[in-house]
Amino acid sequence: MDALDLARWQFGVTTVYHFLFVPLTIGLGIFVAGLQTAWHRTGKEQYLTLTKFFGKLFLINFAMGVVTGIVQEFQFGMNWSEYSVFVGDVFGAPLAMEALLAFFMESTFLGLWIFGWDRLPKRAHLACIWAAAVGSNVSAYFILAANAWMKHPVGYEVVDGRARMTDLWAVLTNPTALAQVPHVIGAAFIVAGGFVLAVCGYWMLRTRRTGDGGMWRGAARAALVMTALAGVLVAATGDTSAKLMYEQQPMKLASAEGLERDTAAAPFSLVPGVEIPAVLSFLATNDPGATVQGTEDLQRRFERQFGPGDYRPDQTIVFWSFRVMIVFGLSTVGLSVLGLWLTRRRRPFPAWLSRALLLSLPLPLVAVTAGWLLSEIGRQPWTVAGELLTASSVSPGVSLAEVATSLTLFTLLYGALAVAETVLLTRHVRKGAAERAPLPAAERREPSLMY
Amino acid sequence: MIELWFAVIAFLWTGYFVLEGFDFGVGMLAPLVSRNAAEQRAGLETIGPVWDGNEVWLITAVGAMFAAFPAWYAGLFSTFYLPVVLVLAGLIVRGVGLEWRGKVTNPLWCDLGIVVGSAIPAFLWGAIFASLLFGGVAPALLGGAFTLAVCALHGAVFLALRTTGPVRRRARTVALAAGAVTIPVAVFALSSLGTAPALAAMAALAAATALIWRRREGWAFTATAGAIVLTTLAVFMELRVRPLPGLTLAEAASGPYTLTMLTWIGLITLPFILVYQGWTYWVFRKRIKVPA
């Protein structure tokens, strides 16, 4: 174990943890804005109740996304100073744009929304939640553009050992980013849809005998539509990403498939030993006969190009995370499509379906985590593909003891907060949309969403 | 262009310290100026709608450093590794404390997180910048004590400005006490800088204390904000040639293309940000009524 290994662990742990909350922020923000819009349009009290109920859950989660996100922005400089110096000219710009164009909007308008229930005109208040939710989605675009540049650097030249940006537009329209942005945002909507479905499933089970689950049924139907649509988007952009991977990141593709040698009409491996002929070639190129490069042959070519070294990422993690991502993600989407079919034209939710919907909370969270492992471990041993190795990116002046200290602190803190967040969310879900009776405006001086 | 971006980053840090400075102060002092749960809540509500937006000034300052001066960004945060870790830990517990305290049955843990998570960064930012300028432990402790005291004063004045009744009265008393502590600390801390803005900052802190004595809360707040602006200005004037020991500004900077692009983006976005953040303060301009 040296400082490099621990720094990698720390980045992995803090990033995966951060991304448990981010997708919920991205998707649930829009969902809550949609609920409030429905209330605004129809005036039906149940939409207001749902807005406040899911709004509260959204805020509990939002706090975690924000505070774990701050760590991310400092961590490049703290642990990866060599990386930061090399990429800052290019990589820093989208980060600065993210703060200027997204974070200010998100945080300011969310503050206005939380505290503005009685102080803003209804329409302005509704606009605030939309501005905040759009801000979250815009932030995803910029950070993913920065991330895509690490896998497929464009719009730059290397001068004196540092990347210099030559074309901001190229960085922002990197094809890798354009495929990745809808893929990740779509996945975020699946996570958020799954979350809403699990909550509604729980409440439909609880209200089954009393028969007042109509409100939950409506919310669940909306979430089913959202999840299914997002599923189509994620599948389509996943296909685009695979084709780009064939061109731009052949080592990742080969590792994800366990393909060792350059192979014509390459088969798609379901699990080790079970293969469907020519499907990988077809998925990667639309041509079932095309040759897909294999890890061992790529290794030989990379050694010739970049010098001695191991250019293969961890084969086990990359192979299995790819499968976990697809299976867990698709089963959530499948569940939502099935749910839409079974409850078509006012058919009730069968109890077993409501129970199954509880799974739609953990399934997509596992899928997005696996997706990031595939994406970022599959990029190894590079931080910037073909330009900078992870081993050369770490801060030279930060000692093993320092990283061990911070990793321990973050792990303990994050662990405690995970427990607190789970307890808090569970308690509020259980409590339900209790403040059902709308108070007259005069008594609503202290809105339920306030501190 | 390099000078311009140095000025932009100084501006962003200034905005951060002015705005988050009173958030930290309010966070630290809320339990001190309240005698019951409703008062405590009212105290924190003064920053409720704005603290998260204020914190984005930090995110922007750091993001802009990364983009415009990568070597400065990387050198600063890897050099002050453990203090920065503690700042982040502080910001984490403070953030969740503020967001969660209204949603838990017993907000004790949240309140503890808010106090500790406000005090730690308030102290450490001063320690980090003082250590950057002068090196060594003693200046760091003095710098930390200075920013901690100034945030307390700034926050107490803000509380007095934004509340009514007993909370407002206690906030004024706390502000006077904070002023009495801040002025001698400021004399030591700022005289080591010795420049005109540093001396003016000292005068502004004295003026703030006098103004809060005379119950001129708005002017007192202007004075504490002015003191923070002047102090930040004094610090960044010192950093102008060498933002880090052994690193010149020109060496740290990104290329002209990137700086030009950043300038356009900043010119387009900053006016909007200032307008809508300003609007937030306008919407929530009324004093928070403390229930009797």
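The values are calculated or read from the model by the stated rules, or taken from the named source; none is laboratory data. Just so it is clear, the structure is predicted and the values come from calculations on it, not from any experiment. FYI the Cβ positions are ideal-geometry reconstructions off the backbone, even for glycines, and counts take in every protein chain you see. Just so you know, the surface numbers come from the protein's heavy atoms only, side chains and all, with ligands and any DNA or RNA stripped out. Shrake-Rupley method; radii C 1.70, N 1.55, O 1.52, S 1.80 Å.
Observations
- Yes/no for B:V87 being within 9 Å of chain A (Cβ to nearest Cβ), at pLDDT 95 or above and over 30 Å from B:P291 (Cα atoms): yes
- Candidates are the residues of the stretch A:250-288 that are open to solvent by less than 70 Å² (accessible area, probe 1.4 Å) and part of a loop (DSSP other than H, G, I, E, B); the one that is nearest to A:F319 (Cα to Cα) is A:G258.
- A search for C-beta distances below 9 Å between a residue of the stretch A:42-62 that is farther than 13 Å from A:L126 by Cβ and at the interface with chain B (Cβ under 10 Å from one of its Cβ atoms) and any residue that is of a type outside the set (V, I, T) and not in a helix (DSSP H, G or I), counting only pairs 6+ apart in sequence or on different chains, returns A:K56/A:S448; A:K56/A:L449; A:L59/A:L449.
- Qualifying residue in the stretch A:32-40 (condition: closer than 30 Å to B:P70 by Cβ, surrounded by fewer than 22 Cβ atoms within 10 Å (Cβ to Cβ) and more than 14 Å from chain B (Cβ to nearest Cβ)): no
- Qualifying residue in the stretch A:78-94 (condition: more than 30 Å from A:V394 (Cβ to Cβ), open to solvent by 20 Å² or more (accessible area, probe 1.4 Å) and within 7 Å of chain B (Cβ to nearest Cβ)): no
- Residue in the stretch B:221-238 that is open to solvent by 90 Å² or more (accessible area, probe 1.4 Å) and either at pLDDT 90 or above or under 24 Å from the mean Cα position of the chain (by Cα) (or both) present: no
- Residue match in the stretch A:106-114 (condition: touching a Cys at 6+ places or on another chain (Cβ under 7 Å) and either more than 7 Å from every other protein chain (Cβ to nearest Cβ) or polar (S, T, N, Q) (or both)): yes
- Residue within the stretch B:134-141 that is without any contact (Cβ under 8 Å) to a residue 60 or more places away in the chain and surrounded by 24 or more Cβ atoms within 10 Å (Cβ to Cβ) present: no
- Candidates B:A223, B:A250, filtered to the one that is within 22 Å of B:F17 (Cβ to Cβ) and part of a helix (DSSP H, G or I): B:A223
- Reported count of residues in the stretch A:180-230, each being among the aliphatic types (A, V, I, L, M) and more than 14 Å from the chain's Cα centre (by Cα), is 16.
- Candidates A:R162, A:R217, A:R209, A:R221 - the one that is within 21 Å of A:R379 (Cα to Cα) and open to solvent by 30 Å² or more (accessible area, probe 1.4 Å): A:R162
- Residue that is most open to solvent (accessible area, probe 1.4 Å) [pool: residues in the stretch B:251-267 that are among the hydrophobic types (A, V, I, L, M, F, W, C), within 9 Å of chain A (Cβ to nearest Cβ) and free of Cβ contacts under 8 Å to residues at least 24 places away in the same chain]: B:M261
- Test: A:T166 is under 16 Å from A:V384 (Cβ atoms) and free of Cβ contacts under 8 Å to residues at least 12 places away in the same chain: yes
Conditions tested, residue by residue: (1) in contact with a strand residue (DSSP E or B) (Cβ under 9 Å, 6 or more places away or on another chain); (2) not assigned by TED's automatic domain parsing to the domain that holds A:A235.
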position: A:A266; (1), (2): yes, yes
position: A:S269; (1), (2): yes, yes
position: A:A278; (1), (2): yes, yes
position: A:N286; (1), (2): no, yes
position: A:Q293; (1), (2): yes, yes
position: A:L298; (1), (2): no, yes
position: A:G309; (1), (2): yes, yes
position: A:S321; (1), (2): no, no
position: A:G329; (1), (2): no, no
